[in-house]
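Data block below; observations after.
The values are calculated or read from the model by the stated rules, or taken from the named source; none is laboratory data. Because the structure is a prediction, the values reported are computed rather than measured. Glycine also receives a Cβ, built like all others from the backbone with ideal geometry; neighbour counts cover every protein chain displayed. What goes into the accessible areas is simple: the full protein's heavy atoms, side chains included, and nothing from ligands, DNA or RNA. Shrake-Rupley method; radii C 1.70, N 1.55, O 1.52, S 1.80 Å.
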Amino acid sequence: MEAYLDNAATTKVYENVRNLMVEAMDVNFGNPSSMHMKGVDAEKYIKDAREIIASSMKVLPKEIVFTSGGTESNNMALIGTALANIRSGKHIITTKIEHPSVHNPLIALEDYGFRITFVDVDSNGRVKEQELLDAICDDTILVSIMYVNNEIGAKEDIPHLAKIVKEKKPDILFHTDAIQAFGKYKIYPKKENVDLMSVSGHKIHGPKGTGFLFVKDKVKIKSIIYGGGQQKGFRSGTENVPGIAGLGLAVKEFYEGYDEKIAHIYALKKHLIEGLQNMEDVQVNAIFEEKKDELSLEERIHMTAPHVVSASFAGIRAEVLLHALEDKGVYVSSGSACASNHPALSGTLQAIGLDKSLLDSTLRFSFSTHTTMEEVDYALEALRQIVPLLRRYTRK
């Protein structure tokens, strides 16, 4: 048996998505910029996908820009907005737990004279509101806060944070990296005071190499990709028609039966956590343990994202445990998949104040609509067998 519990890294493409993509490559394969019918047929995939995505968020189709994925969406939002609004100020606020595709573009902007403030979070990964508000100044043009953290599943109260930020300085633009949140929540950017929002296709059973950026109408943002003027000149380059078609269908399918899907994923999360908490010297992170006397486990985990569990295994290196699980067909992560080529101690785990002895002993388990309870049980049994053996070996 196998248990694929690394869905925060990537998900399996829906079967209907795959079939539609094959159709777009094999039958309606024209260039969407061509004026003949092959081009018109290809362009229809893009139009349909844009309307599906816009409808899911109650925004305008013209406010959706297709990209190659979450990293491009975040770079486009941050660099494009900063450069377009440079005359209004050169200060940007973010948090200490952002994904590298947010953190690194902001660091790069420092070379252009921008000043970046990194706000602290609490032990559950929640942004410290007063510190956020205190950081706002006359020069602040942009705030970027992720909707859901990819390593620990912390969910930020984005509608509230955007509201209080704009109450203090109405002309600030608010961006959220919703790559781990889209599909797991029903997100309505305009209602939530969000000006820019990044999404990736392969986190919601769509194809890799696809994504989009929501850009609220009238927001000043500069293009960072020049060429043939596709997507109204904002993101040049021949559109990835099969990918965009697949992305649109993935969004549609993900939100069908939404309540049942999310309830299923939360049930998986609760079952895994209960199993982990029954193991010796295992700590589940960022699930509001300080509230366990007043709130049930189910109530506390519903304060976090449904699909991510972070757990620390005292005395065992995360990489060793990961590969031991892999040998049994259990696939997990030791953190962000995007940082796996540059291993280092997690900035997120450090930011929430995790004990130093556990920083290199933490794994991430993550679920999707395809994950079964049997997979979770299999993973727990594998852990019950492996963890004591590794600890005995380590102590020798």
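Worth a mention:
- Portion, in percent, of the accessible area of region 104-255 that falls on carbon or sulfur, probe 1.4 Å: 49
- Region 1-86 shape via C-alpha gyration tensor axes, a/c threshold 1.5: oblate
- In this label model, residue 326 and residue 290 are separated by 3.7 nm, measuring between points 7 Å along each Cα→Cβ vector.
- Crossing angle, helix 15-26 versus the chain [Cα axis fit, 0-90 degrees, rounded to tens]: 40
- Proximity of backbone amide H atoms, modeled 1.01 Å from N, is registered between residue 119 and 94, 95, 96 at under 5 Å, excluding neighbours fewer than 5 places apart on the same chain.
- Over the chain, DSSP H runs of length four or greater, each weighted -39,500 (n - 2.57), average out per residue to a 222 nm ellipticity of -12500 deg cm²/dmol.
- Shape category assigned to region 59-187 from the gyration tensor of Cα positions, a/c cut at 1.5: rounded
- Residues considered: 182, 118, 367. Largest GNM mean-square fluctuation over the chain, using C-alpha springs under 10 Å, is found at 118.
- Backbone N atoms of region 145-172 closer than 14 Å to the 7 Å Cα→Cβ label point of residue 134 are not found in any residue.
- Calculated FRET efficiency for the pair residue 83/residue 171, C-beta based, R₀ 22 Å, to 0.05: 0.85
- Cross-link partners of residue 44 among aspartates and glutamates (Cα-Cα below 14 Å; sequence separation of 8 or more within a chain): 23, 239
- Using the Cβ-Cβ distance between residue 186 and residue 18 with R0 set to 25 Å, the FRET efficiency works out to roughly 0.50.
- 5 angstrom amide H check on residue 181, placed H, neighbours 5+ away: 148
- Cβ-Cβ distance of residue 48 and residue 226, R₀ of 22 Å, FRET efficiency by 1/(1 + (r/R0)^6): the value works out to about 0.20.
- Using alpha-carbon coordinates, inclination of helix 158-168 to the longest axis of the chain, degrees: 60
- Anisotropy class of region 175-279 from Cα gyration tensor, a/c 1.5 cut: prolate
- Helix 373-395 and the longest principal axis of the C-alpha atoms of the chain enclose an angle of approximately 60°.
- Gain upon complete extension [residue 258, residue 34; 0.36 nm per residue less C-alpha separation]: 76.9 nm
- The portion of the accessible surface of region 275-388 made up by carbon and sulfur, rounded to a whole percent, is 47 (1.4 Å probe; DNA, RNA and ligands excluded).
- Accessible area per residue, Å², the chain with all protein chains present, probe 1.4 Å: 44
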